[in-house]
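Each reported figure results from applying straightforward, stated rules to the coordinates on display, with no laboratory input. Since this is a predicted model, take the numbers as computed values, not measurements. Here the Cβ positions follow ideal geometry from the backbone for every residue, glycine too, while neighbour counts run over all protein chains shown.
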Amino acid sequence: MRTGELGFQITAAIVGGLFAGAALGAAPYTISQRDREFRPREVIIKRGETLRFVNDDGELLHHAYLSADSFDFDTGDQQPGSQVDVVFSVPGDYTVLCGIHPKMKLGVHVTK
Ligand SMILES: [Cu+2]
């Protein structure tokens, strides 16, 4: 076994343990917005992977956005039952916010 393969397996085990249910390499990762919270509140993905923002919060609107120097997106007002996919193409540590609920925060760590 080459070193690279071993390294990958260790990484997979760590990520799998932290984020059960999100299979490594299987895109997209689903982010729930139920009860005015992003769930999970923190996620680690690789560059080029996708987060799927699902509004599963009853009758409430949500509006996820990110504004950083190197990367930004804006889902617009998101209707209940809808979903928006966002590809994170730039490595970095980001905080996604909701334009409607200021307390909603999602930490996104995009590795190379
Ligand atoms: Cu919201």
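Brief remarks follow.
- 5 angstrom amide H check on K105, placed H, neighbours 5+ away: F38
- Difference of contour (0.36 nm per residue) and Cα-Cα distance, D93 to S67: 8.2 nm
- Note on the stretch 24-112: along the principal axes its Cα atoms extend 37, 28, 18 Å, ordered by decreasing extent.
- Annotation for R39 and E59: the two label points, set 7 Å from Cα along the Cα-Cβ direction, are 2.1 nm apart.
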